[in-house]
1. Using R₀ = 30 Å, calculate the FRET efficiency as 1/(1 + (r/R₀)^6) where r is the Cβ-Cβ separation of E107 and L323; round to 0.05.
2. Beyond 33 Å, how much of the Cα-Cα pair distribution for the stretch 92-521 remains, as a whole percent?
3. Could you work out the local net charge near T281, counting Lys and Arg as +1, Asp and Glu as -1, over the other residues with Cβ closer than 12 Å to its Cβ?
4. Could you calculate the FRET efficiency of L522 with R356 from 1/(1 + (r/R0)^6), where r is the beta carbon distance between them and R0 is 41 Å, rounded to 0.05?
5. Which order, highest average first, do 141-148, 204-211 follow once you tally other Cβ atoms within 10 Å for each residue and take the mean per peptide?
6. DSSP beta bridges in the stretch 276-397, what fraction antiparallel, as a percent rounded to 5?
7. Taking the alpha-carbon distance from K362 and a cut-off under 28 Å, which lysines remain once sequence neighbours fewer than 8 residues away in the same chain are dropped?
8. Please report the projected area of the stretch 378-444's Cα convex hull averaged over all directions, in nm².
Amino acid sequence: MSLISQAGPSYRLPAELTHCKTGQNVVFGVTNSIEASKLKETCVRFSSLSCSSIKTSWVPRESVRIRRGSQMVVAASPPTEDTVIAAEPLTKEDLVGYLASGCKPKEKWRIGTEHEKFGFELGTLRPMKYEQIADLLNGIAERFDWEKIMEGDKIIGLKQGKQSISLEPGGQFELSGAPLETLHQTCAEVNSHLYQVKAVAEEMGIGFLGIGFQPKWGLKDIPIMPKGRYEIMRNYMPKVGSLGLDMMFRTCTVQVNLDFSSEADMIRKFRAGLALQPIATALFANSPFTEGKPNGYLSMRSQIWTDTDNNRTGMLPFVFDDLFGFEQYVDYALDVPMYFVYRKKKYVDCTGMSFRDFMAGKLPCLPGELPNLNDWENHLTTIFPEVRLKRYLEMRGADGGPWRRLCALPAFWVGLLYDEISLQNVLDMVADWTPEERQMLRNKVPKTGLKTPFRDELLKHVAEDVLKLAKDGLERRGFKEVGFLNEVAEVVRTGVTPAEKLLDLYNGKWGQSVDPVFEELLY
């Protein structure tokens, strides 16, 4: 889910740096004294909204770092007072420019993989408590040289280079991987992460489960993580949908983040990703159990998103409009209700209010206050469509699963979206799919997977064509990455999803108990 990048990357702003002048230029100040001296007498003027002509400059987003003994500690979600603060009001052009600043030439495209997993006590199968998670995080930090991420006096994550480990609301353990060039590097990163986690966790009697939905325990059994923004979300979710708390506390996903070279490239990849997201959901469907019994779905995780908060989820039909681009996504995001604003080291509850009102200084929770780009970045991460736009595109439709599938998901999307021929073939394939058909697939796939009827055939046959395009795209990349698709190739060949295999085991040798799934899908 990754609501906020903890102590995240530097801001990259589409800008020309000029000496400060009056007029419409956007001026930034940084109260951190080091950065203030660097940026004194400097302001930022957005030069253009087209990717091809943007000049970029890096303005650091400083995290607060404190040494404790030999350990480096990173304060979580650094307060805006310590980051980049707009001295003049942001304009819509600034928000559009922020998204456009993600444009990169093809040689700089990277692969970023994120995956979540459930930690549990090997003896009881119960979810890890926060105290156990804290011990685990401290153990990984000390043994493998990670920096600790703190919220107050609570450890809530780790950071090492461009990788981070964070906690989802119910203690789901997430690796947000570094931007990497090849799928071999991605899979090596996953393996290294799982080795480190297991090395510490096994000594504690803790295991990790690769599945899309908590198979055994109810909401009342899930521990709540001590993170301020999750408390705000927990109070808000029941007001906007019936399954939001399940999403927060009982789901796990794997997703891949991919780059684009221009606004036109972003549009093409966004459309291809949205249209095919239900196929990814089917291929990786892996959440058929709820509280010890089959729940009637192959991807309960995907189904939960249909009644979480419809203001911020879904298939975004406007992406297929002729006029779609960065500006239209900004218009959408401006009206998605906010969750919070971070001020004075606290999360201010702004639920239900819009960023558009914030831009006008009309937030009842912060009367007269105006947003900065840190606020905009945070807001973008609280929007949850099937494909999400930030300064890159996130493919969000897959269930969590065992480690081989963690490498297969990025392979699937890289083969389709990072190869021009495969991307164009996908766009040709989906060009005449109607909004109703795309929504139908989104609605039915969580229940029927590859057996979902589509036009005159089953979705399995569409998936066969799509998998061929993914393989061809990986072949043309020239990195010998096609083998990472073996996990999904078997699913496509048989039409049997991972969830259906679990159900067969449940109804067969498991004797209608879900407990064996904790061993079957143990990392």
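1. The pair E107/L323 has a calculated efficiency of 0.50.
2. Values: 29138 of 92235 pairs.
For the stretch 92-521, the fraction of Cα-Cα distances above 33 Å is 32 percent.
3. Working: positive: R301, R396, R442, K444, K447; negative: E386, D399.
Here the charged neighbours net out to +3.
4. Working: r = 47 Å, r/R0 = 1.14.
Computed FRET efficiency for L522 and R356 comes out at 0.30.
5. Numbers: 141-148: 17.6, 204-211: 21.4.
Packing order, densest peptide first, comes out as 204-211, 141-148.
6. On the way: 10 of 13 bridges.
Beta bridges within the stretch 276-397, antiparallel portion: roughly 75 percent.
7. K21, K92, K227, K239, K344, K345, K346, K390
8. Result: a mean projected hull area of 6.2 nm².
The values are calculated or read from the model by the stated rules, or taken from the named source; none is laboratory data. All values derive from a computational prediction rather than experimental measurement. When we count neighbours, we look across all protein chains shown, and the Cβ atoms used for this are built from the backbone with ideal geometry, even at glycine. The protein model used for the area step is the full one, side chains on, heavy atoms only, and it has no ligands, DNA or RNA in it. Shrake-Rupley method; radii C 1.70, N 1.55, O 1.52, S 1.80 Å.
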